[in-house]
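Working notes, beginning with the structure itself.
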Amino acid sequence: MLNFLNKKAIKLSATSLAVIMTTAACSDNSQADKNSGPSNASVSDSDWSYSQLAMGGGGFVSGVFATPEEGLYYARTDVGGAYRWDKDEGKWKSLSYNITEDDKGMFGIDGLAFASDEPKRLYLLAGIGYFNNGKTWVLISDDYGETFEAVDISEYVKVHGNGMGRQNGERIAVDPINHDIVYIGGRTGGLIKSTDGGRTWNAVQALSDATDVNPDNLNGICSIAIDPDSSNGSECTRVYVAVSKDNEENVWVSNDSGESWSAVPGLPRELYPQRMRFDGQGNLLITYGASEGPHGREGDGDNNDGGIRRLNMASGEVEDISPTNYRIGDVAVNPNDPNKMLAVTTNKWINQNGGGWGDEFFRSTDGGKTWESINETMIVTDGGLPWTVKYYSMHWCGCLMIDPYDPNKIKV
């Protein structure tokens, strides 16, 4: 957690997701007498009890999200499924208990989205390239992830929750005024759209006709953003799509719900888009890196270029508001005060105020005009897990979340 408003110090604590394991304990009457030798008696299922064993987290949380509902957060991981914060119990709850060996690719969550007007409607974009023959699903829930309906969309697109660029996002987006309209971008296959809550899909061919949506890095469409202020009464018509490629236009916009597309001028062509988000002030913020991330690729050498661009959607003006020219994983805006912003690098290794070595955090209080690094002043706490601070750090950071109900709380 980051204390965002404190000018002198920012408090950062490790919030880790529990690793879920199954344990068993025999009842007393199933144990052999210590003097009678081994027992061959069978033990029925009713003699076993099962519970969770929390190992203190670790691994890659590739996305974390606040919702309009107070105390409701979602998170996705690369190979550990999705989670929901249980505010009553004060811990993360796995939404992936029912995944079996036959569909284990569902543990790779390559995108997460929810309905802004009804956040119990949850969509997960799932699949791991090396499991289940690369099958890809959209998992649909109307009860906060307690149950899901799985729809196989492999004939349209493929994703890979453990692939390069897994911290990019989001590859799935829900229309802000109509939660039955959903867009998905594949690592391969292009852009698809559903108008019935994800049950059926159609290719958005106009984008594939306009640009190559299947780049060689197999990261394809890495981010989709639907402008909430572009409503025509039944849906939002302005949609931005970022494609993970360089040396050509890589951010595209449609003003007619996907019927036609044009490249957004004035943006960097030499950098890869990472994430896109709106600032609530008529602007689109886009973070960039030298590659899809979360780390460099063979041949990149020392190239860790990146930054942030702010696009005024009305005028088309593009402004460089980068706190550094290093790779930027994400930028977040205080929903109650857009002048207060937080940004984080990805794949950088510097000290985090006496803790481990990881990414660098920056804060702005003037809307991105100026920034200050807070690594030397933020207070790093372990959240009850000492090893997370003593031996490790927050690195490969690709997603930031500012709590709309308490902007002092930041999840990374």
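Here are the numbers:
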{"item": "5 angstrom amide H check on Gly306, placed H, neighbours 5+ away", "result": "Tyr326, Arg327"}
{"item": "Longest segment of the chain lacking trypsin sites (Lys or Arg not before Pro) that sit in a DSSP loop with at most 15 other Cβ atoms within 10 Å", "result": "88-198"}
{"item": "Dipole-positive endmost among Asn312, Phe361, Leu385 within the range 301-398 (Cβ charges, Cα centre)", "result": "Leu385"}
{"item": "Calculated [θ] (222 nm, deg cm²/dmol) that DSSP helices of n ≥ 4 give over the chain, each run adding -39,500 (n - 2.57)", "result": "-500 deg cm²/dmol"}
{"item": "Sorted by Cβ density within 10 Å, fewest first, the residues Asp302, Asp117", "result": "Asp302, Asp117"}
{"item": "Sparse-neighbourhood loop sites, chymotrypsin sites (Phe, Trp or Tyr not before Pro) in the range 80-112 - DSSP loop, at most 14 other Cβ within 10 angstrom", "result": "Tyr97"}
{"item": "Which of Cys397, Cys236, Cys222 has the fewest Cβ neighbours within 10 Å, and the rest in rising order", "result": "Cys236, Cys397, Cys222"}
{"item": "Listed residue (Leu267, Val253, Gln281) projecting farthest to the positive dipole end of the range 241-286, Cβ model", "result": "Gln281"}
{"item": "Highest-fluctuation residue, Gly127, Gly329, Gly368 considered, GNM on the chain with Cα pairs under 10 Å", "result": "Gly368"}
{"item": "Those GluC sites (Glu not before Pro) in the range 208-276 that DSSP places in a loop and that have at most 16 other beta carbons within 10 Å", "result": "Glu248, Glu249, Glu259, Glu270"}
{"item": "Percent RCO, i.e. relative contact order, over the chain, from Cα pairs under 8 Å lying at least 6 residues apart", "result": "12 percent"}
{"item": "Proxy reagent accessibility, fewest Cβ within 10 Å first, across Tyr130, Tyr50, Tyr73", "result": "Tyr50, Tyr130, Tyr73"}
{"item": "³J(HN,Hα), Karplus 6.51/-1.76/1.60, whole Hz, each residue of the range 269-283, x for Gly, Pro", "result": "9, 8, 10, 9, x, 10, 9, 10, 7, 8, 9, x, 10, x, 10"}
{"item": "Distant-in-sequence amide H partners of Trp92 (H built 1.01 Å from N, under 5 Å)", "result": "Ala18, Asp86"}
{"item": "For Kirkwood radius over Cα pairs in Å, calculated from these coordinates, the label among [x] 25.5; [y] 22.1; [z] 33.5", "result": "[y]"}
{"item": "Across Lys348/Lys411; Lys120/Lys369; Lys87/Lys369; Lys93/Lys369; Lys93/Lys135, pairs whose alpha-carbon gap is larger than 29 Å", "result": "Lys120/Lys369; Lys87/Lys369; Lys93/Lys369"}
{"item": "Karplus-derived 3J(HN,Hα), 6.51/-1.76/1.60, for each residue of the range 342-353, Hz, glycine and proline x", "result": "9, 9, 9, 6, 9, 6, 10, 10, 9, 5, 10, 6"}
{"item": "Antiparallel bridge percentage (DSSP; both residues within the range 161-299; nearest 5)", "result": "95 percent"}
{"item": "Dipole magnitude of the range 158-245 about its Cα centre (Cβ charges: Lys, Arg +1; Asp, Glu -1), debye to nearest 20", "result": "360 debye"}
{"item": "Inter-probe distance in nm under a simple model that places probes 7 Å from Cα toward Cβ, at Asn255 and Asp212", "result": "2.9 nm"}
{"item": "Surrounding net charge for Trp201, when Lys and Arg each add one and Asp and Glu each subtract one, Cβ distance under 11 Å", "result": "-1"}
{"item": "Coil-residue GluC sites (Glu not before Pro) of the range 289-340, DSSP, other Cβ within 10 Å capped at 16", "result": "Glu298, Glu317"}
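Values in this text are rule-based calculations from the coordinates and carry no lab data. The structure presented is a predicted model; accordingly, all values stated were derived computationally and were not measured. Glycine gets a Cβ as well: all are built from the backbone with ideal geometry, and neighbour counts include every protein chain shown.
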